[in-house]
1. Which one of these is in contact with a His (Cβ under 6 Å, 6 or more places away or on another chain) and of a type in the set (S, T, Y): Y73, Y85?
2. If I ask for residues that are of a type outside the set (F, W, Y), part of a loop (DSSP other than H, G, I, E, B) and buried (at least 17 other Cβ atoms within 10 Å of the Cβ), which ones from the stretch 55-95 would you list?
3. Return the residues of the stretch 96-121 that are assigned to a helix (DSSP H, G or I) and closer than 15 Å to L132 by Cβ; say none if nothing qualifies.
4. Before we move on, is P128 in contact with a helix residue (DSSP H, G or I) (Cβ under 7 Å, 6 or more places away or on another chain), modelled with pLDDT of 85 or more and farther than 18 Å from T46 by Cβ?
5. Between residues in the stretch 98-117 that are closer than 16 Å to E71 by Cα and residues that are of a type in the set (V, I, T) and crowded, with 17+ Cβ neighbours inside 10 Å, which pairs lie under 7 Å by C-beta distance while being six or more apart or on different chains?
6. Anything in the stretch 129-159 that is touching a residue at least 60 places away in the same chain (Cβ under 8 Å) and of a type outside the set (A, V, I, L, M)? List them, or say none.
7. Regarding the stretch 15-25, can at least one residue be identified that is under 24 Å from S136 (Cβ atoms) and part of a helix (DSSP H, G or I)?
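The values are calculated or read from the model by the stated rules, or taken from the named source; none is laboratory data. Model, not experiment: these values are computed from the prediction. For neighbour counting, all protein chains shown are included, and Cβ atoms are generated from backbone atoms with ideal geometry for every residue, glycine included.
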Amino acid sequence: MALLGPNGAGKTTTARMLSCLIAPTSGRAWVDGRELNEDPSHIRATVGVLTESPGLYKRLSAWHNLRFFAELYGVRNAEEKIEEYLRFFGLWERRNEPVATYSKGMRQKLALARALLHEPRVLLLDEPTAGLDPESARSVREFISELKGAGRAVLLCTHNLPEAERLCDRIVLLRTRLIAQGTPEELKRRLFRTKMVVELANAFPGLVSSLDIPGARSAELVGEKLYVEVEDPRPG
């Protein structure tokens, strides 16, 4: 599922609440069958989180960063897991260098590796492709699709509509409150429509009923102008 909205809409705040990093002021929510206030320790152990600020230790190497978090999570076969993810994200050759020397995109990859290290059943990903080059971003998207296929729950926070549409089965639109929710196709039908105005030289009674415009939801003739509401012409 995707939380879709502009900066300041509440996406990151929602992810932080669901990962028990901050407490909600009201309302109720469940993660992995546990209510947020019921067993926060279980939720933190179950969830993998990528926040907008990765929170890595810049003086440590990538290897020692992951080793530290693997010990916190009690990861079995930690060294094998660390090598697996460092190789996947193309960081293996620079594993012993301080994270302070990494580019933003490399730090983003390392933060993703940290979020996945303990094989969480639930993933909360806040702008996972931010700062990545096109090839790396494509690899991350493909990996997220694989995680979905493996039966993991993935919550993607993004302002990128094509990315949400490509990766998610359901989308929730936020702008400090819930605006709409549904499958990508449902939301496209309900929200992303375009109005087209055609000025006619010779309009005649019965014109609207005789038209067959692909994708048209409605058509109205007002004087010499035909107003047609059509589906969003962008490819899905």
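1. Numbers: Y85 fails: in contact with a His (Cβ under 6 Å, 6 or more places away or on another chain).
Being in contact with a His (Cβ under 6 Å, 6 or more places away or on another chain) and of a type in the set (S, T, Y) holds for just one of Y73, Y85, which is Y73.
2. Of the stretch 55-95, the ones of a type outside the set (F, W, Y) are 55-56, 58-62, 64-67, 70-72, 74-84, 86-87, 90-91, 93-95.
If we keep only those that are part of a loop (DSSP other than H, G, I, E, B) as well, we get 55-56, 58-60, 74-77, 90-91, 95.
Those that are of a type outside the set (F, W, Y), part of a loop (DSSP other than H, G, I, E, B) and buried (at least 17 other Cβ atoms within 10 Å of the Cβ): L56, V75, L91, R95.
3. K104, G105, M106, R107, Q108, K109, L110, A111, L112, A113, A115
4. Values: in contact with a helix residue (DSSP H, G or I) (Cβ under 7 Å, 6 or more places away or on another chain): yes; modelled with pLDDT of 85 or more: yes; farther than 18 Å from T46 by Cβ: yes.
In short, yes.
5. A115/V49; L117/V75
6. Within the stretch 129-159, C157, T158, H159 meet the criteria.
7. Yes, the stretch 15-25 contains at least one residue that is under 24 Å from S136 (Cβ atoms) and part of a helix (DSSP H, G or I).
To keep it simple, each residue is scored yes or no on (1) under 19 Å from D126 (Cα atoms); (2) within 19 Å of the chain's Cα centre (by Cα); (3) without any contact (Cβ under 8 Å) to a residue 40 or more places away in the chain.
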site: T14; (1), (2), (3): yes, yes, no
site: G27; (1), (2), (3): no, no, yes
site: A62; (1), (2), (3): no, no, no
site: E84; (1), (2), (3): no, no, yes
